[in-house]
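> One structure, pasted below without further comment.
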Amino acid sequence: MWWFGGIIDGEGCITINHNRLHRNTKKETLLFSPQVIITNTNKKLIDQCQDILQKEEIPFYVQYKERAKGRRVPCWWIRIQGLKRCLKALNIITQYLIAKKEEAILVKEFCEDRINAERTKLHYGNLGHSHYTEKNFEKILRIAEIHNRNPQRLYAEIRNYKLQNMI
């Protein structure tokens, strides 16, 4: 597991991605999705990571992309995404991380907050998680800072979300 933690520290990413759903409609909203990603061009390394994840019973996706001739070597991605999957993975691997420990703790706390959030009736009748809280946004913005992302677009989208949902 220490080896696997080192792989995530060196070849991985622990983050919370954001997407806008239903753009330019009355139903437009933000969706934040936690992810743990391992990317590498060495198939043996990816196979070993898959074996570890399967032994730990952590669900994941594998993606392969072949590059154009003469450009780059083929690349594999292992992706763990979603609240429950990321929480399960981070509960197991956080103790083995060094460089990405802060991201892991923030994403883990975000997952716990969202899973334990009150469920409310959504506009189309199904039950769903309540609106994002200030605490959620603090974690999202801190992760963006760690990754040196340009926060202007994210700040604007969060501000619009708050105005729409009156947090």
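Every number here is computed from the coordinates shown, using simple stated rules; none is lab data. Not measured: the values here are computed from a predicted model. As a convention, Cβ positions derive from the backbone with ideal geometry for all residues, glycine included, and neighbour counts pool all protein chains shown.
> Just order 59-65, 139-145 by mean Cβ neighbour count inside 10 Å, highest at the front, would you?
139-145, 59-65
> So what's the net charge close to Y64: Lys and Arg +1, Asp and Glu -1, counting the other residues with Cβ under 15 Å from its Cβ?
+4
> Please sort 110-118, 8-16 by packing, taking for each peptide the average over its residues of neighbouring beta carbons within 10 angstrom, highest first.
Output ranking for 110-118, 8-16: 8-16, 110-118.
> With 29 Å as the limit, write out which pairs from K55/K108; K55/K100; K44/K139; K108/K162; K84/K162; K65/K100 have Cα-Cα distances beyond it, or answer none.
Going by Cα-Cα distance, K44/K139 fall outside the 29 Å limit.
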